[in-house]
Amino acid sequence: MIRDLVIKNRSYRRFDESFVLSKEILRDLVDLARQTASAANKQPLKYFLSCESLTNAIIFENLAWAGYLPEWPGPAQGERPSAYILMLGDKNISASYDYDSGIAAQTILLGASDKGLGGCMIASVQRAKLRAKLNIPERYEILLVLALGKPIETVIIETVQADGDIKYWRDSQGRHHVPKRSLDEVIIN
């Protein structure tokens, strides 16, 4: 059921790094994304796939992991993603990718969830350094990095409290709490 899949699809930031994700699984996830809607059907999104440890390490060192957890440097060795998909915008096709990238990224993460995997969309990327290290041509704008793997953390959804604080946080057991606004708060009529 789609509701169960959406609720299961959280932003996971800690994984079983020993769990191997194949290039074929990454290709399957991109295949889902390429079939989604695209503004004016231009289809400007391209993808860089990584499931090799050396390339994964390069990608990892160019990411920031959790803005609301400034004391946390990101997943420790052994808890890092098994794979990444870099979402790129092909400037030779279009100058705008805003809607396409969101639709495609969510589709990839829903597909990952359906396979018993998890992931996180990361937009806090040292783009110039990552481009140089991976030899990504200038025609491709780095839009997002999707970190993927077998999640090892618990994510708890809770209702935003009266103080309105929407910042996610971790409890003493390492469970990740994510406040969400209520349905009545997001519907205005």
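Read the figures in this text as sums done on the coordinates, not as results from a lab. None of the values given here were measured: they were computed from a predicted structure. In this analysis, Cβ positions are derived from the backbone assuming ideal geometry, glycine residues included, and neighbour counts consider all displayed protein chains.
What is the Cα centroid distance between segment 10-27 and segment 35-50, reported in whole angstrom? Measuring centre to centre over Cα atoms gives 21 Å. Taking 19 Å as the straight-line reach from the Cα of Lys23, the aspartates and glutamates in range (excluding those fewer than 8 positions away in the same chain) are Asp31, Glu52, Asp114. Label separation (Arg3 vs Leu69): 2.9 nm, computed from points 7 Å beyond Cα along the C-beta direction. Filter the cross-link list Lys46/Lys115; Lys91/Lys180; Lys91/Lys167 down to pairs whose alpha-carbon distance in this structure exceeds 32 Å. Those over the limit are Lys91/Lys180; Lys91/Lys167. Summing Lys and Arg as +1 and Asp and Glu as -1 over all other residues whose Cβ lies under 15 Å from the Cβ of Tyr12 gives a net charge of +4. Count Lys and Arg as plus one, Asp and Glu as minus one, and take only other residues whose Cβ is under 14 Å from that of Ala147; the net charge is then 0. Cα-based radius of gyration for the chain, normalised by 2.2 N^0.38 Å, reads 1.05.
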